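Trainee: Handing you a structure now.
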Amino acid sequence: METQMLRATLEKLKASKDMLICQQNVSSEYELGAILKHFNNKTPILFNSVDGAKKRAIGGLYGDRNIIYNLMGIDKETRIDKFISALVNPRDYKIVNDGPVRENIVKHNIDLKRFFPIPKFNEKDSARYITAGVLVVKDKEKNNYYTSIRRFQYLGGNKLSVLIASKKLMNDFLKMEKQNESMEVAIVLGYDAEFLLSSQYSTDLYGVDKYRIDSALRGEPLELVKCETVDLLVPAYCEIVLEGKIISGKREPEGPFGELMGYYGIEKPQPVIEINSIMYRNDPIFQIAFPCREEHVSNGLIREIELYTNLNKIVDVSDVYVTEGGGYRFNAVASIKKHNDGDGKSAIISGLGYNSELKQIVIVDDDVNIYDPQEIEWAITTRAQASNDFVIIKSALGSALEPSHTISGTSDKVGIDATKPITGDIERFERTKIPGYDKIDINKYFPTI
């Protein structure tokens, strides 16, 4: 039985009944994305017929953090320790001679859309996009492998454009471009939660081999095989690998594209990848992530360990949540055990300073459920006064992914201290409580519900 990558994940999802299977034929243009969006991109759906052919696709895999927890055998209480441990205690991967991804190898007459159901999602998207692809590159000086989720615009035939957001990756490519060299890359599709999570650790910040982080997260060596035409290793049990090069001196218009917060990003010239080989499993399953959901859920999980670590230097942190409504990037809530009256404000300063993209943070006491928007609203309403507890920082660094930022090129930051005081009339903040409430078994009273 396979233990790694997508097919092992499908077995887990079937066992937990967390996956839907669509037998009806669907179109890769709009229809497939509409179905995923109907379920808020939080329900894994296996499509067994796309575009009237025997092409299969999977979407909505990792749009729900609880599904990620279940697949990895963790929960919200253990996740941060698990993610930090993988970073500081990476493990070696394993190179194997062969694997299922090498069952089919194509090197000639490559037309990506002929092989795979590359979708178009939104009305004004410039083209079809591969959205779940993990880009693999190799730092030849350190012999490190770096992986990251990128979006790839289909340009026709064997060509894709790639949006590169990483400063290190872009700088490395530009250095090679000055020497008229192209960059070898691979694009991996059909992976598991551990592979996704490891790709979200910041290369710029940590510089750790992502394959070694992956091995630590999964508790066993990630099994890798050699690519056919580039000097790279890729997962032996993934579904699809596209091999190629980012071509020196070549750019193509990219966008508009339905972006993170539900608006269209603008058109810009981006580097071009020429695919010179495809490896894929028999009956491959094409992986799709409706923009912009799954990669941002996992990215938010990694941002949480960074926020937690930063806050924990200053205050006693219970938990942190980089929120869904803020695109798992712009808004956060942190609960703390308050020991001093200045802890809430100190946490705000530390939180807003940890990442330039964080726009709003709310600090609450550890009796507040930070994953419940009603609890957060309640804490702000009953424990904060705007003149004393709202901290506003004008015209700071922000993110172009948040459209109001683009008006002036800066963003105002807001921190809300919604913690109760630890001195004075603190009895006013005692929450009501029913003895034994947490032990009530409601089915005892209403057996049919």
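Trainee: Can you confirm whether region 170-183 contains a residue that is in a strand (DSSP E or B) and over 22 Å from Thr229 (Cα atoms)? So that I can check it myself, show each step before the final result.
Mentor: Keep residues of region 170-183 that are in a strand (DSSP E or B), which gives 183.
Within this subset, residues satisfying the condition of being over 22 Å from Thr229 (Cα atoms) are none.
Within region 170-183, none of the residues are in a strand (DSSP E or B) and over 22 Å from Thr229 (Cα atoms).
Trainee: Before we move on, is Lys245 open to solvent by 10 Å² or more (accessible area, probe 1.4 Å), assigned to a strand (DSSP E or B) and farther than 24 Å from Asp92 by Cβ?
Mentor: Details: open to solvent by 10 Å² or more (accessible area, probe 1.4 Å): yes; assigned to a strand (DSSP E or B): yes; farther than 24 Å from Asp92 by Cβ: yes.
Against the criterion (open to solvent by 10 Å² or more (accessible area, probe 1.4 Å), assigned to a strand (DSSP E or B) and farther than 24 Å from Asp92 by Cβ), Lys245 qualifies.
Trainee: Follow-up question, since we're still on this one. Quick check: anything in region 380-388 touching a residue at least 40 places away in the same chain (Cβ under 8 Å), closer than 14 Å to Ala332 by Cα and crowded, with 18+ Cβ neighbours inside 10 Å?
Mentor: To start, the set of residues in region 380-388 that are touching a residue at least 40 places away in the same chain (Cβ under 8 Å) comprises 382-383.
Narrowing the set further to residues that are closer than 14 Å to Ala332 by Cα leaves none.
No; the residues of region 380-388 include none that is touching a residue at least 40 places away in the same chain (Cβ under 8 Å), closer than 14 Å to Ala332 by Cα and crowded, with 18+ Cβ neighbours inside 10 Å.
Trainee: Still on this model: Scan region 187-207 for residues that are crowded, with 20+ Cβ neighbours inside 10 Å and either over 25 Å from Asn282 (Cα atoms) or small (Gly, Ala, Ser) (or both) and jot them down. I'd like the intermediate steps shown before the answer.
Mentor: As a first pass, look at region 187-207 and keep what is crowded, with 20+ Cβ neighbours inside 10 Å: 187-201, 203.
Hits for region 187-207 are Gly190, Ala193, Leu197, Ser198, Ser199, Gln200, Tyr201, Thr203.
Trainee: Moving on. Among the residues of region 320-342, what is the count of those that are among the charged types (D, E, K, R) and within 20 Å of Tyr201 (Cβ to Cβ)? Before the answer, list the steps.
Mentor: Residues of region 320-342 among the charged types (D, E, K, R): 324, 329, 337-338, 341.
With within 20 Å of Tyr201 (Cβ to Cβ) added as a condition, the list becomes 329.
Qualifying residue count, region 320-342: 1.
Trainee: Sticking with this one: Looking only at region 292-306, count every residue that is over 8 Å from the mean Cα position of the chain (by Cα) and surrounded by fewer than 23 Cβ atoms within 10 Å (Cβ to Cβ) and tell me the total. Step through it out loud before you land on a result.
Mentor: The initial filter retains those residues of region 292-306 that are over 8 Å from the mean Cα position of the chain (by Cα), namely 292, 302-306.
Okay, now just the ones that are also surrounded by fewer than 23 Cβ atoms within 10 Å (Cβ to Cβ), so 302-306.
Looking only at that region, the number is 5.
Trainee: Could you tell me whether Asp92 is out of contact with any Gly (no Cβ under 7 Å at 6 or more places or on another chain), touching a residue at least 40 places away in the same chain (Cβ under 8 Å), surrounded by 20 or more Cβ atoms within 10 Å (Cβ to Cβ) and of a type in the set (Asp, Glu)? Spell out the reasoning first.
Mentor: Numbers: out of contact with any Gly (no Cβ under 7 Å at 6 or more places or on another chain): yes; touching a residue at least 40 places away in the same chain (Cβ under 8 Å): yes; surrounded by 20 or more Cβ atoms within 10 Å (Cβ to Cβ): no; of a type in the set (Asp, Glu): yes.
For Asp92, the condition - out of contact with any Gly (no Cβ under 7 Å at 6 or more places or on another chain), touching a residue at least 40 places away in the same chain (Cβ under 8 Å), surrounded by 20 or more Cβ atoms within 10 Å (Cβ to Cβ) and of a type in the set (Asp, Glu) - is not met.
Trainee: Tell me yes or no: at least one residue of region 407-426 is out of contact with any strand residue (DSSP E or B) (no Cβ under 7 Å at 6 or more places or on another chain), closer than 23 Å to Ala384 by Cα and assigned to a helix (DSSP H, G or I).
Mentor: Yes, there is a match, as at least one residue in region 407-426 is out of contact with any strand residue (DSSP E or B) (no Cβ under 7 Å at 6 or more places or on another chain), closer than 23 Å to Ala384 by Cα and assigned to a helix (DSSP H, G or I).
Trainee: From the list Leu169, Leu174, Leu163, exactly one residue is within 25 Å of Ser298 (Cβ to Cβ) and without any contact (Cβ under 8 Å) to a residue 60 or more places away in the chain. Which is it? Walk me through it before giving the result.
Mentor: Details: Leu174 fails: within 25 Å of Ser298 (Cβ to Cβ); Leu163 fails: without any contact (Cβ under 8 Å) to a residue 60 or more places away in the chain.
It is Leu169.
Trainee: Is it the case, given these coordinates, that Leu311 is over 17 Å from Ala384 (Cβ atoms), modelled with pLDDT of 95 or more and not in a strand (DSSP E or B)? Talk me through it step by step, then tell me what you get.
Mentor: Values: over 17 Å from Ala384 (Cβ atoms): yes; modelled with pLDDT of 95 or more: yes; not in a strand (DSSP E or B): yes.
The answer is yes for Leu311.
Trainee: Could you list, in sequence order, all residues of region 392-406 that are open to solvent by less than 70 Å² (accessible area, probe 1.4 Å) and either of a type in the set (A, V, I, L, M) or part of a loop (DSSP other than H, G, I, E, B) (or both)? I'd like the intermediate steps shown before the answer.
Mentor: In the first step, residues of region 392-406 are kept if they are open to solvent by less than 70 Å² (accessible area, probe 1.4 Å); the result is 396, 398-399, 401-405.
Ala396, Gly398, Ser399, Leu401, Glu402 - these are the residues of region 392-406 that are open to solvent by less than 70 Å² (accessible area, probe 1.4 Å) and either of a type in the set (A, V, I, L, M) or part of a loop (DSSP other than H, G, I, E, B) (or both).
Trainee: From the residues in region 4-59 that are among the small types (Gly, Ala, Ser) and part of a strand (DSSP E or B), which one is surrounded by the most Cβ atoms within 10 Å (Cβ to Cβ)? Spell out how you get there, then give the answer.
Mentor: The initial filter retains those residues of region 4-59 that are among the small types (Gly, Ala, Ser), namely 8, 15-16, 27-28, 33-34, 49, 52-53, 57, 59.
Cutting the leftovers down to part of a strand (DSSP E or B) gives us 53, 57, 59.
Numbers: Ala53: 10, Ala57: 26, Gly59: 28.
Ranking the candidates gives Gly59 first.
The values are calculated or read from the model by the stated rules, or taken from the named source; none is laboratory data. Values in this document were obtained by computation on a predicted structure and should not be read as measured data. Note that each Cβ is placed from the backbone with ideal geometry, even for glycine, and that neighbours are counted across all protein chains shown. Surface accessibility is based on the protein's heavy atoms, side chains included, excluding ligands, DNA and RNA. Shrake-Rupley method; radii C 1.70, N 1.55, O 1.52, S 1.80 Å.
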